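Let me begin by presenting the structure, written as structure tokens, before commenting on it.
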Amino acid sequence: MTQRLMKPPLVRETSAWTFGRDRLTGLVPFGRSKQEVMEKIVLEDELAERLQWTTNSLVNAKKNGTPYRHLLLHGPPGTGKTLFARTLAKESGLDYAIMSGGDVGPLGKDAVHELNKLFQWANKSRKGLILFIDEADAFLRTGRGSESGSMSEEARNTLSAFLHHTGTESDKFVVVLATNIREILDRAVLDRMDESFEFPLPSIEERKRMLSMFMEEHIHRPTKRGKVIEARDLDHSNTRF
């Protein structure tokens, strides 16, 4: 209960209190091998290889006490950005916290204070922490300087607070940003990101793999009563993607 009370308001989900509740959250429980976990994510081979390399380097950074590298995930909705970020947290063995950029704006003038609290909390993690910010463009978008009229003072202050906390290397936390449109992020935010990964729409073969995985998990697998759903008359040649 203490851990729940200490969770910053901006954090929607954190390993401090979600471990052990995987059936409710849909997360992959510990105990599965890295290969089994990564098989749940359908990505093009080159991207999957880069992401696996990044996961390994993250683990090594913790072991060696070197600073973490911040990551940017960008691409259309539904291409696996959030799923990968969660899987990354699980594979790395670090603590994790998930927040949405859309929760920042409604805080108004309190946003800076809450963001400061969030990073102070992140810096206290003994294991190291992955801070995943979904919909990052909701509050880290461009609009300062000559375009200051398009951004409120509260929004500029919040953006400045984020830049302040990520301006130096850290061995306490790694920031993982996800956005559908990379170009609308503030240039200084992009400069903070050490690695950038584009998640494209899946190819025909990748969509077939997704369909196969869905069928295997939800159709072919026996129910709790031991019954199997019969899927007949499926003409894959007429399936359109």
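The values are calculated or read from the model by the stated rules, or taken from the named source; none is laboratory data. This is a predicted model, so every value here is computed, not measured. Positions of Cβ are backbone-derived with ideal geometry, glycine not excepted, and every protein chain shown enters the neighbour counts.
For the residues 89, 97, 61, 111, the requirement of being assigned to a helix (DSSP H, G or I), touching a residue at least 40 places away in the same chain (Cβ under 8 Å), in contact with a Ser or Thr (Cβ under 6 Å, 6 or more places away or on another chain) and in the same structural domain as residue 197 (by TED's automatic domain parsing) singles out 111. Selection of segment 205-232 for residues being surrounded by fewer than 10 Cβ atoms within 10 Å (Cβ to Cβ) and modelled with pLDDT of 65 or more yields 222, 223, 224, 225, 226, 227.
Among the residues of segment 142-155, are any under 18 Å from the mean Cα position of the chain (by Cα), at pLDDT 90 or above and either outside any strand (DSSP E or B) or more than 30 Å from residue 57 (Cα to Cα) (or both)?
Step one: list which residues in segment 142-155 are under 18 Å from the mean Cα position of the chain (by Cα), which gives none.
Looking through segment 142-155, none of the residues is under 18 Å from the mean Cα position of the chain (by Cα), at pLDDT 90 or above and either outside any strand (DSSP E or B) or more than 30 Å from residue 57 (Cα to Cα) (or both).
Residues that are surrounded by 19 or more Cβ atoms within 10 Å (Cβ to Cβ) and not hydroxyl-bearing (Ser, Thr, Tyr) are absent from segment 142-149 altogether. For the residues 53, 17, the requirement of being in contact with a helix residue (DSSP H, G or I) (Cβ under 6 Å, 6 or more places away or on another chain) and either modelled with pLDDT under 65 or of a type outside the set (Lys, Arg) (or both) singles out 17.
Quick one: is residue 199 surrounded by 15 or more Cβ atoms within 10 Å (Cβ to Cβ), over 15 Å from residue 144 (Cβ atoms) and at pLDDT below 90?
Against the criterion (surrounded by 15 or more Cβ atoms within 10 Å (Cβ to Cβ), over 15 Å from residue 144 (Cβ atoms) and at pLDDT below 90), residue 199 qualifies.
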